[in-house]
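Structure, as structure tokens:
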Amino acid sequence: MNILVIRMSAMGDVAMTVPVVSAFADQHPEAQITVLTTPRFGGMFPTLENVEIFGADTKKEYKGFLGIFKLFKALNAHKHYDLVIDLHDVLRSKVLRKLFRLKGVPCHVIEKGRAEKKALTRKDGKVMKRLKSSIERYRDVFKAAGYEVPLNFKQKEQPLTNDILAITGEKEQKWLAIAPFAQHKGKIYPTEQMEKVIEHFSTNKDYKILLFGGGKQEKEILEGWEARFENVLSLAGKFPLEKELIILGNSDLLISMDSSNMHLASLVGTRVLSIWGATHPFAGFYGYGQKEEDAVQLELPCRPCSIYGNKPCLRNDYACMTQITPEMIYKKVESIL
């Protein structure tokens, strides 16, 4: 049985497929699973004999509508598939499903719960209830295809390698990892307030602060903090994803936004103190295996206003983030560590 699993983006969403795909692969060694995803996300998946990554660059090689047909042809040249599991349900995957169905290949697709997510985030009359997590929704697709998937995934901690130690040094303190950025403003704790958090912990010799981020502007901010404060190291741009996962796995705690870093740390079993603004854990995007009490958030009548944090603030002040004080974060971190 050759199974094609589709989930192209975003990084956090792909990360949430890992516990399901890995558990399924472990339970069904007779199945050969091909994960169609963005090439650089392949490093999230543990090495398993019956799981392979088909990396598809949809911005270059498989760009545009014609690129979907080119991708379909490449997939069929790679192997014959007996089943398609679509965990994405966007235009590209819809077309791929249609093409596979024309070949007689059964396809199953995720139910995203768009209506209930809309009810959770609307301005008036919010329905504040915990929705099914994305991981559960992914598992439901396999169930619809006739497979039960127990969520018993646990990634083994990997030792720090020499190339990592050459930059981080030996682990002689508690490692407090901080990932202060996210894709959208509604999910980012204000930079000036996060700076106070970093400054506070940098004065404690028992901690080493490891900063995670990417992109030119983020890299500049992180390197600025590294230069200004003791015991602070920016890792931006220094390691590939696989190495960042090892570092996160050896960290004692991660402070993160509702972002991909929360999900990456969850994959390697690291506890996450997550900060929530426009979005909410109720929407189903909480980190795999994380403790509910580790979500730092304010109860405001306007929250949540967005599933992805990409909508303008209704109040124009982002109070959901700005009113979370650095002291609230200090106390929470200290109670954990």
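The values are calculated or read from the model by the stated rules, or taken from the named source; none is laboratory data. This structure is a prediction, so every number in the text was calculated from the model and none was measured. Cβ: placed from backbone, ideal geometry, glycine included. Neighbour counts: every protein chain shown. The area values use the complete protein model at the heavy-atom level, side chains included, leaving out ligands, DNA and RNA. Shrake-Rupley method; radii C 1.70, N 1.55, O 1.52, S 1.80 Å.
Quick look at the values:
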{"quantity": "Heavy-atom surface of the range 19-63, accessible at 1.4 Å and reported per residue (Å²)", "calculated": "48 Å²"}
{"quantity": "GNM result for the chain, Cα springs below 10 Å: residue of Leu235, Leu75, Leu165 fluctuating most strongly", "calculated": "Leu165"}
{"quantity": "Relative contact order computed over the range 179-337 (Cα-Cα under 8 Å; 6+ residues apart), in percent", "calculated": "26 percent"}
{"quantity": "Computed helical MRE - 222 nm, the chain, DSSP H runs ≥ 4 contributing -39500 (n - 2.57), nearest 500", "calculated": "-10500 deg cm²/dmol"}
{"quantity": "Long-range amide H partners of Ile255 with built H, under 5 Å", "calculated": "Ala177, Ile178, Ala179, Leu273"}
{"quantity": "Farthest positive-ward along the chain dipole, Cα basis, beta-carbon charges - from Gln155, His108, Ile6", "calculated": "His108"}
{"quantity": "Entries in Lys185/Lys216; Lys60/Lys123; Lys73/Lys216 that, when Cα-Cα distance is taken, lie over 27 Å", "calculated": "Lys60/Lys123; Lys73/Lys216"}
{"quantity": "³J(HN,Hα) computed for each position of the range 306-311 - Karplus, 6.51 cos²θ - 1.76 cosθ + 1.60, integer Hz, glycine/proline x", "calculated": "7, 7, 10, x, 9, 9"}
{"quantity": "3J(HN,Hα) from dihedral phi, the range 167-180, Karplus parametrisation 6.51/-1.76/1.60, rounded to Hz, x for glycine, proline", "calculated": "9, 7, x, 5, 7, 10, 10, 6, 9, 9, 7, 9, 10, x"}
{"quantity": "Unit charges on C-beta of K, R, D, E only; dipole of the range 26-133, Debye", "calculated": "940 debye"}
{"quantity": "Of Arg315, Arg101, Arg40, the one that fluctuates the most in a GNM where the chain has Cα springs shorter than 10 Å", "calculated": "Arg315"}
{"quantity": "Debye log10 I(q)/I(0) at q = 0.16, 0.17, 0.18, 0.24 Å⁻¹ for the range 91-202, Cα point scatterers", "calculated": "-1.08, -1.09, -1.11, -1.28"}
{"quantity": "Per-peptide average of other Cβ atoms within 10 Å, ordering 28-39, 177-188 highest first", "calculated": "177-188, 28-39"}
{"quantity": "By accessible area with a 1.4 Å probe, ligands and nucleic acids excluded, highest first: order of Asp86, Asp140", "calculated": "Asp140, Asp86"}
{"quantity": "Lys, Arg +1 and Asp, Glu -1 on Cβ, resulting dipole of the range 236-296 about Cα centre, debye, nearest 20", "calculated": "160 debye"}
{"quantity": "Cut-off 14 Å between beta-carbons: net charge of the residues surrounding His28, Lys and Arg +1, Asp and Glu -1", "calculated": "-3"}
{"quantity": "In the range 169-239, GluC sites (Glu not before Pro) in a DSSP loop with at most 13 other beta-carbon atoms within 10 Å", "calculated": "Glu170, Glu172, Glu230"}
{"quantity": "Note, ³J(HN,Hα) from phi for the range 119-130, Karplus 6.51, -1.76, 1.60, rounded to Hz, x at Gly and Pro", "calculated": "5, 5, 10, 5, 5, 10, x, 4, 9, 7, 9, 6"}
{"quantity": "Cβ-placed point charges (K, R +1; D, E -1), dipole of the chain about Cα centre in debye, nearest 20", "calculated": "1660 debye"}
{"quantity": "Under-5 Å amide H pairs with Gly237, H placed in peptide plane, nonlocal only", "calculated": "Gly213"}
{"quantity": "Per-selection Rg to Rh, the range 40-148 - Cα, Kirkwood hydrodynamic radius", "calculated": "1.03"}
{"quantity": "Among (1) 0.98; (2) 1.00; (3) 1.14, the entry that matches Rg/Rh (Cα atoms, Kirkwood Rh) as calculated here", "calculated": "(1)"}
